[in-house]
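Taken together, the values in this text are just the output of simple stated rules run on the coordinates, not laboratory data. As the structure is a computational prediction, the values presented were derived from the model and not from experiment. Counting neighbours? That spans all protein chains shown, and the Cβs are built from the backbone with ideal geometry, glycine included.
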Amino acid sequence: MDDETEARAAATMRLPKYEIQVRLGTGREESFIITSDLGPGYVSVNADYRS
């Protein structure tokens, strides 16, 4: 990956929300996935209780 492409990707990943599209060329199915951040902030907020 060249420097410009890497810089654009890094800037996008710093956004609070972004979309990733994957095109496999196998049809027109569609799905979505919701993920969460497991970084120190997430752990700190959620470490005080049990679920």
Given the rule -39500 (n - 2.57) for each run of at least 4 DSSP H residues, summed and divided by the residues of the chain, what is its mean residue ellipticity at 222 nm, to the nearest 500 deg cm²/dmol?
-10000 deg cm²/dmol
Please compute the length gained on full extension between Phe32 and Glu4, using 0.36 nm multiplied by the number of residues separating them and subtracting their Cα-Cα distance.
7.3 nm
Would you work out if the chain is rounded, prolate or oblate? Take a ≥ b ≥ c from the square roots of the eigenvalues of the alpha-carbon gyration tensor; rounded if a/c is under 1.5, else prolate when a/b is larger than b/c, oblate otherwise.
oblate
Count neighbours as other Cβ atoms within 10 Å of each site's Cβ, and list the trypsin sites (Lys or Arg not before Pro) in the chain that are DSSP loop with at most 10 such neighbours.
Arg14, Lys17, Arg23, Arg28, Arg50
On a 0 to 90° scale, report how tilted helix 3-13 is relative to the longest principal axis of the chain, with both axes built from alpha carbons and the result rounded to the nearest 10.
40 degrees
Run the dipole for the chain about the Cα centre, Lys and Arg Cβ at +1, Asp and Glu Cβ at -1, nothing else charged, and hand back the magnitude in debye, nearest 20.
240 debye
Along the Cα→Cβ direction, 7 angstrom out, place labels at Val43 and Leu24. What is the inter-label distance in nm?
3.3 nm
